[in-house]
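Q: Sending over a structure as structure tokens; questions will come in a sec.
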């Protein structure tokens, strides 16, 4: 029972971090009709900036600067996509792949073979309750993700910005007639996605993970199946998909001995396995809407 509870908590904590990342995928898709495959490299950028700045600025200051810089970098990528949008629906998404390669190559060159410490205040401390031992960083990640997601959902539901985002996603012409400024909305969506990615980088690399290395951005792409599972473009779907993917990965790692007949390293492919199974049964995702077309 202890193993079950501990694995369940680890899955929820991991899913909460994936929720921050998958929300970024969802926001960009709603605002720009593109899948941002550079999101992993933007996350790596945020984590790298925290790692190099925390000794001089302290962890809180480094996180603020890194989040702002990553948001600015994300907006810049969004502006590049704006120029490519007229060339076809697939071109912006393809462009993000090129940006990802360039950004990842430069960051990998700077990081090299090092494993960087982000200087988070939780360190390797653990918390124990009812016989279950969990890392304090995972408790912090769950609390931080709940607060950030709750703040986002409140803004998305009850502010003029959220209303404009919803209208713009469903009908851009109607949104423009209502006075919504499409370019500002798209820039805000990209900026928020970058900010969330920087925060997620901190928790992805916190204990028990050794730290940030050149592969951290690739690990973050496990959140993409979470967005697809929930229904790409659905905010609620991104949250549900993230929890499912996080739990699947945690349980496949926690019970790897019992699952050994399925092969080693099952936890690495668990998010993609969940994605494939869901898409077979429901191609639009769990909470995604079927696209209708006039013939």
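The values are calculated or read from the model by the stated rules, or taken from the named source; none is laboratory data. Every value quoted in this text rests on a predicted model; they were computed, and no experiment measured them. Every residue, glycine among them, receives a Cβ derived from its backbone with ideal geometry; neighbour counts consider all protein chains shown.
Q: Looking for something in contact with a helix residue (DSSP H, G or I) (Cβ under 9 Å, 6 or more places away or on another chain), without any contact (Cβ under 8 Å) to a residue 40 or more places away in the chain and in a loop (DSSP other than H, G, I, E, B) - is there at least one such residue anywhere in segment 224-231? Quick ask: steps written out before the conclusion?
A: Here is the first cut: in segment 224-231, the ones in contact with a helix residue (DSSP H, G or I) (Cβ under 9 Å, 6 or more places away or on another chain) are 224-231.
Going one step further and asking which of them are without any contact (Cβ under 8 Å) to a residue 40 or more places away in the chain, we end up with none.
Scanning segment 224-231, I find no residue that is in contact with a helix residue (DSSP H, G or I) (Cβ under 9 Å, 6 or more places away or on another chain), without any contact (Cβ under 8 Å) to a residue 40 or more places away in the chain and in a loop (DSSP other than H, G, I, E, B), so the answer is no.
Q: Next question, about the same structure. Go over the candidates 14, 44, 118 one by one and state the one that is touching a helix residue (DSSP H, G or I) at 6+ places or on another chain (Cβ under 6 Å), modelled with pLDDT of 95 or more and surrounded by 22 or more Cβ atoms within 10 Å (Cβ to Cβ).
A: 44
Q: From the set of residues in segment 240-262 that are closer than 26 Å to residue 165 by Cα and surrounded by 24 or more Cβ atoms within 10 Å (Cβ to Cβ), which is nearest to the chain's Cα centre (by Cα)?
A: 242
Q: Is it the case that residue 9 is assigned to a helix (DSSP H, G or I) and farther than 25 Å from residue 100 by Cα?
A: Against the criterion (assigned to a helix (DSSP H, G or I) and farther than 25 Å from residue 100 by Cα), residue 9 qualifies.
Q: Examine segment 133-145 for a residue that is under 19 Å from residue 16 (Cα atoms), in contact with a strand residue (DSSP E or B) (Cβ under 7 Å, 6 or more places away or on another chain), assigned to a helix (DSSP H, G or I) and at pLDDT 85 or above, and state whether such a residue exists.
A: For segment 133-145, residues under 19 Å from residue 16 (Cα atoms), in contact with a strand residue (DSSP E or B) (Cβ under 7 Å, 6 or more places away or on another chain), assigned to a helix (DSSP H, G or I) and at pLDDT 85 or above: present.
Residue-wise test of (1) surrounded by 22 or more Cβ atoms within 10 Å (Cβ to Cβ); (2) more than 15 Å from residue 201 (Cβ to Cβ); (3) in contact with a strand residue (DSSP E or B) (Cβ under 9 Å, 6 or more places away or on another chain); (4) modelled with pLDDT of 90 or more.
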position: 57; (1), (2), (3), (4): no, yes, no, yes
position: 63; (1), (2), (3), (4): yes, no, no, yes
position: 67; (1), (2), (3), (4): yes, no, no, yes
position: 70; (1), (2), (3), (4): yes, no, no, yes
position: 74; (1), (2), (3), (4): yes, no, no, yes
position: 80; (1), (2), (3), (4): no, yes, no, no
position: 83; (1), (2), (3), (4): no, yes, no, no
position: 86; (1), (2), (3), (4): no, yes, no, no
position: 92; (1), (2), (3), (4): yes, yes, no, no
